[in-house]
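Single-structure report; data block below.
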Amino acid sequence: MSAIANGTHVVVLDPRFTKTAARAAEWLAVKPGTDLAFHLALIHELIYNDLYDKQFVANYTEGFDELKAGVKEYTPEWAAEKCEIPAETIARIAQEFAAAAPHAFAHPGWRTSNFLNSFQTERAIAILNALIGNWNQPGGFRAVAGEGAGLASLPTPPFPRVGALRLDGVPWKYPLVPLKLGVFQEIRDNALSGDPYQAHGWFIYRQNPVDSIPDRKKTLEAFAKMDFIVTTDIIPNDTAWFSDVILPEASYLERYDPLTVVDNTIYIRQPAIAPLGESKSGLWIFKQLGERLGLGDYFPYADEEDYLRQQLADLPVTLEDLKYQGYYTLPPTPEPEDLVFLTPSGKVDLSSATLEKQGFDAVPQWEEPPEPGEGQFYLLTGKVAYHTQMATQNNKYLHEMLPQNPLWINKGVAANLHIKDGDQVLVESEVGKVPFQAFTTEGIRPDCVYTTQGFGKFSKGLRLAYAEGGSDSDLHVTYTDPISGSQALSQTMVKISRIIG
Amino acid sequence: MATKKKYGFVIDVRRCIGCNACTVACKEQWKVPVGHSRNWVLDMGIQGSFPDLTQTFITGQCMHCDDPPCVAACPSEATYKREDGLVVIDEDTCIGCGYCIPACLYDARFYNEEKGVADKCNGCFDRVEEGELPACVATCVGGARMFGDLNDPDSQVSRMIRENQTVRLVTDETNPGPNVYYIGLPEELYSEVAPHPSELPAAGKVWKKGVIPVVGLAVGATVIGQAIAFGAQLLKGESIDE
């Protein structure tokens, strides 16, 4: 809001009129799945109208000629057909973006996995930013030093080599997905199919797959094949509800967590009150499990504070100082002489050899997304300001703000279907049927319906949120992006009908 | 001598994102019962026709008026205006008669069933005395809520009032001197947030003249229930003379 107050011109691309759109200068009701076309056209305009930063492109990018050839066909007129935004608007925004450069940026978005083409959409956005050279420019992106700088690691014995294939398909099925991220829904699918081997147990920490991955019915079927499920969480969420053992973790106000570094500052998370009930910190839970499994050497700390002290071993700051101050800023390191990107070339790969080697497009190319059939709608999902992911729906005050999740339906469409505001409607996809309360509005494209995530809870441990609203996970069909492993959530098409009586 | 403080709020409507963080922070700060809140975010809904749409959020609370009708209406002097301008309720003195509730021109008051008293924003006076901002201001995500000393020309609120066009929620007929200044409030929405005419024109007078002695006797005794019933009657618009 400060940037807007200072004169930043914000353009929002969304099939739905969000609160962000309400505060923006322009809202463009883009057709779902076609953001890639819009951004390709912007790239086309910058290159073919000679509006890009030639010096930055020469010094910090690779593959410009391939990019230029690759986007030749993607004119605003071409994109207008795809994304249903007028060609003049696209051309104007390209001009305005270039005029504001380098004090401008194309935002990568938040929940970005909507369609199978979303990975290349994100690349197109990164390329746009490179073309105007906004790195380390006021109003652009800031390059930061590597994560974790300054903190010591705890000494552990070497980890034994795992001989089996990872159940989530990384890297044998998803060669480009980082090992530390993984593909959650693939664990579920492979547990269900027994391929490449049958899994028997699942230890789940800070994840809630029953709510967070598509096709909840399928997730519960996979749970049924398990002999043993353990869930560690701060609330009795839906996954905990279907687990054999729940290890209650203390909330963030009650526990220590390992120290983290953001930019050049170390932040501490420390208990404001003692943990309630039987809850314990994650550090305590894992150490106890390790010791009982005869693996105590891998948890070389006496308690939480000792863990943090060891992390600080190489730094001129004590845990006591950190606890008092809340943070510690490391002495400034000399500014790096030059920008280095974490890519094979050390530059921005406008054309990616890594992708090409795996058989994907080196330069983002248009990929046609699926469209709703007769009587169908795109099912959109997205966050609301009141709730954090799927974890806060049971909070007394937040529950009061939004006790359930209505289904947004375009007013004209609703009238045609004889649906009035507040009516109960049945939403049906390939994998599920869920009732919702209708919210009829001008604020959504006629070919879409929308609801927010995290409702329709199964767990009776969530006394307020239990059975309130509907779960979009019950409706989502599983589509996994072969490059990023992300779930393409907006590719699910649904039918809606009024529930009579 | 230092100038007397006069606390007030400035609300920049253009910066409100409708997240209700102010509402939740206040509820947590003051343990406000579910079903009530001391401040609010009025969501005017999505206006216009697809795709030419707007949506405005107007946040508000007690206006800490110069001439507060609630103070005049209070028979037990539980509601009073502090030296620093904040209008507060002394919960120990409040008899829960509810008389102040319709007296407020901005519907900023409610009856707190858990405590048996009238309730509303008190400007987080205790936080302010400690040099902190009210909870709603401290948490405001968009920077829409501002608070400070209107008598201090260097305060953020004074500067904002000086540098921007502001409006206060008053009409020609009704002006209790509210100390909340709005920036960027769309003119077509004035009527949505204007003060309603006082529902109890002679209220203060009647209480002060005839009823105070009676209630005075009743305060602290077993007749509080009657006083509440009395208040409830008034809420329904029945006159005392009946």
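For residue A:68, which lysines qualify as cross-link partners when the Cα separation must be under 25 Å and same-chain residues fewer than eight apart are set aside?
Result set, ordered by chain and number: A:54, A:82, A:347, A:357.
Among the DSSP beta bridges whose two residues both lie in the protein assembly as shown, what percent are antiparallel, rounded to the nearest 5?
Here the antiparallel bridges make up roughly 60 percent for the protein assembly as shown.
What Cys residues in the protein assembly as shown are without a partner cysteine, judged by a Cβ distance under 4.7 Å?
Cys with no partner Cβ under 4.7 Å: A:83, A:448, B:16, B:19, B:26, B:65, B:74, B:94, B:97, B:104, B:124, B:140.
Enumerate the calculated ³J(HN,Hα) couplings along segment A:382-395 in order (Karplus 6.51 cos²θ - 1.76 cosθ + 1.60, θ = phi - 60°), each rounded to whole Hz, writing x wherever the residue is Gly or Pro.
Once rounded to whole Hz, the list reads x, 7, 10, 5, 6, 10, 9, 6, 10, 9, 10, 5, 9, 5.
Kindly write out, for segment B:186-195 in residue order, the coupling ³J(HN,Hα) from the Karplus curve 6.51 cos²θ - 1.76 cosθ + 1.60 (θ = phi - 60°), rounded to whole Hz, with x marking Gly and Pro.
So the Karplus estimates, Gly and Pro as x, are x, 4, 5, 9, 3, 5, 5, 10, 5, x Hz.
Over segment A:377-498, what is the relative contact order in whole percent, taking alpha-carbon pairs under 8 Å and six or more residues apart? Display every interim value, and only then the final one.
Numbers: 263 pairs, mean separation 43.1, N = 122.
Relative contact order for segment A:377-498 comes out at 35 percent.
Summing +1 for each Lys or Arg and -1 for each Asp or Glu, what net charge is found among the other residues whose Cβ lies under 9 Å from the Cβ of residue B:176? Don't jump to the answer; show the numbers that get you there.
Numbers: positive: none; negative: B:66, B:67.
Result for the local shell: -2.
Amide H of residue A:234 versus every other amide H placed in the peptide plane: which residues, excluding those fewer than 5 positions away on the same chain, fall under 5 Å?
It is A:249, by chain and number.
Which percent, nearest 5, of DSSP beta bridges in segment A:163-266 are antiparallel? Display every interim value, and only then the final one.
Working: 2 of 11 bridges.
Bridges in segment A:163-266 are about 20 percent antiparallel.
Kirkwood-based Rg over Rh for segment A:184-329 (C-alpha set), two decimals? Each step should come with its number before you reach the end.
Numbers: Rg = 18.3 Å, Rh = 17.4 Å.
Rg divided by Rh gives 1.05.
Would you mind pulling out the separation of the Cα centroids of segment B:96-174 and segment A:393-447, in Å?
35 Å
Would you work out if chain A is rounded, prolate or oblate? Take a ≥ b ≥ c from the square roots of the eigenvalues of the alpha-carbon gyration tensor; rounded if a/c is under 1.5, else prolate when a/b is larger than b/c, oblate otherwise. Working shown, then result.
Values: a/c = 1.61, a/b = 1.12, b/c = 1.44.
It comes out oblate by the Cα gyration axes.
In whole Hz and in residue order, list the ³J(HN,Hα) couplings for segment A:118-123 that follow from phi through the Karplus curve 6.51 cos²θ - 1.76 cosθ + 1.60, θ = phi - 60°; x for Gly and Pro.
Along segment A:118-123, the couplings run 5, 4, 5, 4, 5, 5 Hz.
Test of understanding: extend the Cα→C-beta vector of residue A:4 to 7 Å, then name every residue of segment B:13-27 with backbone N under 12 Å from that spot.
Only B:13-19 pass the distance filter.
Expressed as a whole number of Å, what is the distance separating the alpha-carbon centroids of segment A:367-383 and segment A:259-307?
44 Å
Distance cut-off 28 Å, Cα to Cα: go down the list A:218/A:383; B:5/B:115; A:287/B:31; B:6/B:27; A:460/B:120 and report the pairs above it. Display every interim value, and only then the final one.
Numbers: A:218/A:383 24 Å; B:5/B:115 30 Å; A:287/B:31 37 Å; B:6/B:27 25 Å; A:460/B:120 35 Å.
Violating the 28 Å limit, Cα to Cα: B:5/B:115; A:287/B:31; A:460/B:120.
Once the Cβ-Cβ distance between residue B:107 and residue A:111 is put in as r, and R0 is 30 Å, what FRET efficiency do you end up with, to the nearest 0.05?
0.20
What FRET efficiency would be calculated for the residue pair residue B:152, residue A:73, taking the C-beta separation as r and a Förster radius of 51 Å, to the nearest 0.05? All intermediate terms of the calculation are to be shown ahead of the outcome.
Numbers: r = 62 Å, r/R0 = 1.22.
FRET efficiency, residue B:152 to residue A:73: 0.25.
Where the centroid of each part is defined by its Cα atoms, how far is segment A:175-204 from segment A:7-80 in Å?
The two parts, judged by their Cα centres, are 36 Å apart.
With r as the distance between the Cβ atoms of residue A:260 and residue A:302 and R0 = 30 Å, compute the FRET efficiency 1/(1 + (r/R0)^6) and round to 0.05.
Values: r = 21 Å, r/R0 = 0.70.
Efficiency, from the Cβ-Cβ distance: 0.90.
Using a basic spin-label model with each label point 7 Å from the Cα along Cα→Cβ, how many nm lie between residue A:499 and residue A:467?
Result: 1.2 nm between the two label points.
What is the order of B:54, A:329, fewest Cβ neighbours within 10 Å to most?
On the way: B:54 14, A:329 11.
Sorted ascending by nearby Cβ count, the order is A:329, B:54.
Name the residue farthest towards the positive end of the dipole of the protein assembly as shown from the options A:63, A:345, A:159, assuming +1 on Cβ of Lys and Arg, -1 on Cβ of Asp and Glu, about the Cα centre.
Among A:63, A:345, A:159, the one farthest towards the positive end of the dipole of the protein assembly as shown is A:159.
Going 7 Å from the Cα of residue A:252 in the Cα-to-Cβ direction, what parts of segment A:369-393 have a backbone nitrogen less than 11 Å from that spot?
Hits in segment A:369-393 for residue A:252 at 11 Å: A:388-389.
Explain nothing, just the number: relative contact order of segment A:147-217, from Cα pairs under 8 Å at least 6 residues apart, as a whole percent.
On the way: 37 pairs, mean separation 15.2, N = 71.
Taking the mean separation of contacting Cα pairs over the length of segment A:147-217, I get 21 percent.
Using a simple spin-label model with points 7 Å from Cα along the Cα→Cβ vector, what separation in nm is obtained for residue A:228 and residue A:100?
Label-label distance for residue A:228 and residue A:100, simple model: 5.6 nm.
Rounded to the nearest 500, what is the 222 nm mean residue ellipticity of chain A from helices alone, with -39500 (n - 2.57) per DSSP H run of 4+ residues and division by all residues?
Values: 18 runs with 143 residues, N = 501.
Value at 222 nm, helices only: -7500 deg cm²/dmol.
From Cα pairs below 8 angstrom and at least 6 apart in sequence, can you work out the relative contact order of chain A, rounded to a whole percent?
Values: 907 pairs, mean separation 83.4, N = 501.
It rounds to 17 percent for chain A.
Using Cβ counts within 10 Å as a stand-in for footprinting exposure, how do A:10, A:170 rank, fewest first?
Working: A:10 14, A:170 20.
Fewest-to-most Cβ neighbours within 10 Å comes out as A:10, A:170.
Only Lys, Arg, Asp and Glu count, each charged at its Cβ (+1, +1, -1, -1), so figure out the dipole size of the protein assembly as shown about its Cα centre, rounded to 20 debye. Please report the intermediate quantities before stating the final value.
Values: 64 positive and 96 negative charges, 208 e Å.
My answer is approximately 1000 debye.
So who's got an amide H within less than 5 Å of the one on residue B:147, skipping anything under 5 residues away but keeping other chains? H placed 1.01 Å off N, in plane.
Residues meeting the criterion, in which the H sits 1.01 Å from N, are B:10.
If Lys and Arg each add +1 and Asp and Glu each add -1, what is the summed charge of the other residues whose beta carbon sits under 13 Å from the beta carbon of residue A:400?
Numbers: positive: A:396, B:27; negative: A:468, B:28.
In short, 0.
State to the nearest 20 debye the size of the charge dipole of segment A:195-253 about its Cα centre, where the only charges are +1 on K and R beta carbons and -1 on D and E beta carbons. Mind showing how you got there, number by number?
Details: 5 positive and 9 negative charges, 18 e Å.
Its charge dipole is roughly 80 debye.
Between the DSSP loop rule and a limit of at most 12 other Cβ atoms within 10 Å, which trypsin sites (Lys or Arg not before Pro) in segment A:118-223 are left?
Working: sites: A:123, A:142, A:161, A:166, A:173, A:180, A:188, A:206, A:216, A:217, A:218; in loops: A:142, A:161, A:166, A:173, A:180, A:206.
Within segment A:118-223, the qualifying trypsin sites (Lys or Arg not before Pro) (loop, at most 12 other Cβ atoms within 10 Å) are A:142, A:161, A:180, A:206.
Please work out whether segment A:21-173 counts as rounded, prolate or oblate from its C-alpha gyration tensor, where a ≥ b ≥ c are the square roots of the eigenvalues and a/c under 1.5 means rounded, while otherwise a/b larger than b/c means prolate and anything else oblate? Mind showing how you got there, number by number?
Numbers: a/c = 2.06, a/b = 1.63, b/c = 1.27.
Since a/c reaches 1.5 and a/b is larger than b/c, the shape of segment A:21-173 is classed as prolate.
Compare the peptides B:65-77, B:180-192 by average per-residue count of other Cβ atoms within 10 angstrom and give them in order, highest first. Spell out each step's value before the answer.
On the way: B:65-77: 20.5, B:180-192: 15.9.
Result, highest mean Cβ count within 10 Å first: B:65-77, B:180-192.
Any read-out appearing in this document is the output of simple, stated calculations on the displayed coordinates, not a laboratory observation. Predicted, not measured: the structure shown is a model, and the values here were computed from it. For neighbour counting, all protein chains shown are included, and Cβ atoms are generated from backbone atoms with ideal geometry for every residue, glycine included.
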